[in-house]
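Below is one structure, written out as structure tokens, with a few remarks after it.
Read-outs: derived from the displayed coordinates by stated rules, not from any lab. In this text, all values refer to a predicted model and were calculated from it rather than measured experimentally. We place every Cβ from the backbone using ideal geometry, glycine too, and count neighbours over all the protein chains shown.
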Amino acid sequence: MPFAYVMLKKLEFSRHTPEARGFMYWERVSEQIYLFTSDRYALVNSVAVVTDRGTIVVDGLPFPDEAKQIARFLEIRSGVDFHSLILTHHHMDHVYGLFAFPNHLDVISSELCRQRLLEVGEASLAEARESDPAFEEVSIRIPTITLESGELIIDAGNMTLRLFPLPGHTADNIGVMIEEDDILITGDAVMAIPIIADGNWEQEIETLQRIRDLEPDTVVQGHGEVILRGEVKTVMNEYISYLHCVRKEAELALKKGRDRKEIWDIPLERCGLERVPLGIASHQLHVANLLSIYDRLKAEREG
Ligand SMILES: [Zn+2]
């Protein structure tokens, strides 16, 4: 999700109005894997992998009360200690909730993610606190173990987690493959509406192609429902063609001399996706995608 410090300014998302507040819910992806989803924040996901050596948490939900509920739930339910925390990328809706887990735990991410958090983490948090005092108790967990390139393997006894870069949504995004279950946790490399406004269109298409060709049994995307066996290929192709459409529409708007404001009139449905999955933010996210391509092409054109 691009609700990093930049996007908070650009998109007026009504997450702090009472009527926008929903619920957090959880489900089991497999025997050992729990998925937590925030209804309050564009169906953002947090995943817990319960292993022989402790529970590994991948991303935290943004709101403190939700994050604390998850930590408590896992303590009671799993009957094991926490092993470590993994952060897929630096966007705040994945970062903030990590504060609720024990302080001594390592936080594992890409090296780029660590750098981005050092650069923008505190400023983003200050801004979030201004719009919602609930963020007062959050502190940013800076990663302690990082992956520069290639892969990082976590041997957790009965489970093996393989971490590797999946850039595009952001440059720092990584995926987590749970080898025994063939389940891929993608961070925002995959989400119900692919978002490249804070990232790179070409890289995101390559990443989606790579995931499609990997053909994991299950994909846990950064936002939205789990993608099950047999659906992975179809859904990845849908997302890829959505991004091609975004580019085509942005090119067309530019060619016809339309200005930025008119980009708002290009519906998401024209590019084959529905507004429903991410609720009220869907159209804004789609427009952010279009504008990022439009601005880039315009800048290139103007040399
Ligand atoms: Zn994101």
- the chain: Lys pairs at Cα distance under 30 angstrom, eight or more positions apart or on different chains: 19
- Helical mean residue ellipticity (222 nm; -39500 (n - 2.57) per DSSP H run of 4+; nearest 500) of the chain: -11000 deg cm²/dmol
- Message: Just to confirm the number: angle between the C-alpha axis of helix 201-214 and the first principal axis of the chain, 0 to 90 degrees, nearest 10?
- Response: 50
- Note on the structure: Placing +1 on each Lys and Arg Cβ and -1 on each Asp and Glu Cβ in the chain, then taking the dipole about the Cα centre, the residue among V95, L161, G199 whose Cα reaches farthest towards the positive end is G199
- Highest-fluctuation residue, I76, I33, I108 considered, GNM on the chain with Cα pairs under 10 Å: I76
- Nearest-ten-degree value, helix 111-131 long axis tilted from longest Cα axis of the chain: 80
- Could you tell me what fraction of 2.2 N^0.38 Å the Cα radius of gyration of region 177-295 comes to, as a two-decimal ratio? 1.09
- Message: Placing unit charges on C-beta atoms (Lys and Arg positive, Asp and Glu negative, everything else neutral), compute the dipole magnitude of the chain about its Cα centre in debye, rounded to 20.
- Response: 840
- Query: Once Rh for the chain is found with the Kirkwood sum over Cα pairs, what is the Stokes-Einstein diffusion coefficient at 10 °C and 1.306 mPa s, in µm²/s?
  - Reply: 82
- Give a quick list of chymotrypsin sites (Phe, Trp or Tyr not before Pro) in region 219-268 that DSSP marks as loop, anything other than H, G, I, E or B, with at most 16 other Cβ atoms within 10 Å. none
- Do any GluC sites (Glu not before Pro) in region 28-123 lie in a DSSP loop with no more than 10 other beta carbon atoms within 10 Å, and if so, which? E31
